[in-house]
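Asks: Below you will find the structure I want to go over with you.
Just so you know, all these numbers are worked out from the coordinates, no wet-lab data involved. Everything numeric here is computed off the predicted structure, so don't read it as measured data. Note that each Cβ is placed from the backbone with ideal geometry, even for glycine, and that neighbours are counted across all protein chains shown.
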Amino acid sequence: MLLNVDKPNGTTTLHEDGCSMIPKPFGTTLKPVEKLGRDGGWFNVTSDTEARAVAQRELPGGAFISCQFCR
């Protein structure tokens with residue numbers, strides 16, 4: 001699973017592997033993989049619980065969302 005931390009929108013979105021809403025490539029300079037950039041970041045997680053912990057650590061107070069297209 002991938003967690004998208006979106007700083008400008010103040011949200012974190014959990015996506016299942018293979019979700020059509022995950023951009024390709026999903027890591028960019030502004031949203032890198034496994035760390036935060038200016039606009040956020042992408043994090044590999046193995047469970048909903050881990051995703052919520054990463055979301056709280058990386059974007060405290062942000063809204064946690066499960067992707068409506070893959071969940």
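Asks: Suppose the filter is under 11 Å from the mean Cα position of the chain (by Cα) and not aromatic (F, W, Y); does L36 pass it?
Replies: yes
Asks: Within the set of pairs 6 or more residues apart or between chains, which connect a residue that is in contact (Cβ under 8 Å) with a residue 40 or more places away in the chain and under 11 Å from W42 (Cα atoms) inside segment 14-28 to a residue that is of a type outside the set (S, T, N, Q) and not in a loop (DSSP other than H, G, I, E, B) with Cβ atoms less than 7 Å apart?
Replies: Within 7 Å, the pairs are L14/L3; L14/D48; L14/A51; H15/L2.
Asks: Take the residues in segment 42-68 that are assigned to a loop (DSSP other than H, G, I, E, B) and either aliphatic (A, V, I, L, M) or touching a residue at least 40 places away in the same chain (Cβ under 8 Å) (or both); name whichever of them is surrounded by the most Cβ atoms within 10 Å (Cβ to Cβ).
Replies: If we take residues in segment 42-68 being assigned to a loop (DSSP other than H, G, I, E, B) and either aliphatic (A, V, I, L, M) or touching a residue at least 40 places away in the same chain (Cβ under 8 Å) (or both), then L59 is surrounded by the most Cβ atoms within 10 Å (Cβ to Cβ).
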